[in-house]
1. State all residues of the stretch 198-225 that are within 11 Å of Lys26 (Cβ to Cβ) and either more than 15 Å from the ligand (Cβ to nearest atom) or aliphatic (A, V, I, L, M) (or both); if no residue qualifies, say none.
2. Here are Ala162, Ala132, Ala104: which of them is outside the structural domain of Met47 (by TED's automatic domain parsing) and under 15 Å from Ile209 (Cα atoms)?
3. Quick check on my filter: what residues within the stretch 212-231 are loosely packed, with under 15 Cβ neighbours inside 10 Å and touching a strand residue (DSSP E or B) at 6+ places or on another chain (Cβ under 7 Å)?
4. Name the single residue that is nearest to Tyr271 (Cα to Cα) among those in the stretch 133-183 being within 16 Å of the ligand (Cβ to nearest atom) and of a type in the set (Asp, Glu).
5. Away from the ligand (no atom under 15 Å from the Cβ), assigned to a helix (DSSP H, G or I) and out of contact with any helix residue (DSSP H, G or I) (no Cβ under 9 Å at 6 or more places or on another chain): is that true of Ala123 in this structure?
6. Name the one entry in Pro50, Pro63 that is modelled with pLDDT of 95 or more, within 8 Å of the ligand (Cβ to nearest atom) and either under 30 Å from Ile139 (Cα atoms) or surrounded by fewer than 19 Cβ atoms within 10 Å (Cβ to Cβ) (or both).
7. I'm checking my understanding of the structure. Among residues of the stretch 276-309 that are within 16 Å of the ligand (Cβ to nearest atom) and without any contact (Cβ under 8 Å) to a residue 60 or more places away in the chain, which one is farthest from the chain's Cα centre (by Cα)?
8. So the check is Cβ under 9 Å with 6+ separation or different chains; which pairs have a first residue in the stretch 194-215 that's among the charged types (D, E, K, R) and a second one that's modelled with pLDDT of 95 or more?
Amino acid sequence: MSEPTSLPGQDDLVLHHYSSSPFAEKARLMLGLKGLAWHSVTVPMVMPKPDVTALTGGYRRTPFLQVGADIYCDTALIAEVLEARRPTPSLYPAAMAGQARALAQWADTDLFWTALPYAMQPAGATALFAGAPPDMLKIFVADRKAMSEGMPQVRGLDAGAALMQYLDWLSAMLADGRPWLLGDETSIADLSVYHPLWFITKTGPLAEILQPHEALRAWMGRVAAVGHGERAGKLDGAGAIALARASTPRSASVAAGMGFDAGQPVTVTPYDYARDAVAGTLVGLDHRTVTLARDDERAGRVHVHFPRIRYTLKAA
Ligand SMILES: N[C@@H](CCC(=O)N[C@@H](CS)C(=O)NCC(=O)O)C(=O)O
């Protein structure tokens, strides 16, 4: 008989992720940079994800962070939550904060959506899915095709050409011998640029594209050495839902002049892909974040938080 395991506390950090997810690797590294302890929930790579959507209300992307009955979607927001929890070392050091945010946003969008089609060319996909059940690649490709419907489809050769240029740009940043992309301090830019390149390292022969970039590869070694913080425990989806149910969401407030009122029924939808609308009651809003309250049959009352950038907020 297995020992009953106790749930994490209402203030503990719970990361919902899977090991091969690049954005999850960014989140794990953020936890590592901050030296934080966290509990781990492994989520499925493809739909359906009933335990995920019980908590998020429909947002399916990976990772997300749970703190009791508060659910933080998107690594841009997870970074802010971790920064508030442990301000040093900062993900946005004062001397480079603006540049770090802008470079991170480029990496999480353009660089990631260049690395992905490059990596998913046949040789890369074969390496990435080596050892997976025979149908997994097919299931994955169909899932991601449905998820990214309407996005421009970048061909492998186009992605490869763009990636070569992007690697040159990044190498040029390190040409003066600085340890981190923006100077002497690690920032969110390092972790955001790292995760698409980390994904490329798993693509067998396609990883050769990194070979000429010696300084960049040495920098990747420094980022990897940041580590993942302390894995305090493991939890399954049902445990995470039980934790939400046993917790009370944090209070939030709606700022005046943002075009919406507290208590209004709204939806929040990612702009770009995985455009599943999350519906709820507006309880928090400013120019940086939006928070919905939802009542879930299994998870009870939860607050689901999104960044304001790259998410559409609409009256329901
Ligand atoms: N902007 C999001 C992007 C997250 C993202 O695209 N994650 C990928 C995995 S690396 C994903 O959600 N894929 C579909 C899935 O896991 O269901 C973030 O920063 O968290």
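1. At the first step, the residues of the stretch 198-225 found to be within 11 Å of Lys26 (Cβ to Cβ) are 198-199, 223.
Val223, the sole residue that qualifies.
2. Values: Ala132 fails: under 15 Å from Ile209 (Cα atoms); Ala104 fails: under 15 Å from Ile209 (Cα atoms).
Testing whether each residue is outside the structural domain of Met47 (by TED's automatic domain parsing) and under 15 Å from Ile209 (Cα atoms) leaves just Ala162.
3. Answer for the stretch 212-231, where residues must be loosely packed, with under 15 Cβ neighbours inside 10 Å and touching a strand residue (DSSP E or B) at 6+ places or on another chain (Cβ under 7 Å): Glu230, Arg231.
4. My answer is Glu149.
5. Taking the combined requirement at face value, the residue does not satisfy it.
6. Pro63
7. Checked the stretch 276-309; the qualifying residue farthest from the chain's Cα centre (by Cα) is Val290.
8. Qualifying pairs under 9 Å: Lys202/Ser20; Lys202/Ala119; Lys202/Gly124; Lys202/Ala127; Lys202/Leu128; Glu214/Ser171.
The values are calculated or read from the model by the stated rules, or taken from the named source; none is laboratory data. Predicted, not measured: the structure shown is a model, and the values here were computed from it. Reconstructed Cβ throughout: ideal geometry from the backbone, glycine too, with neighbour counts over all protein chains shown.
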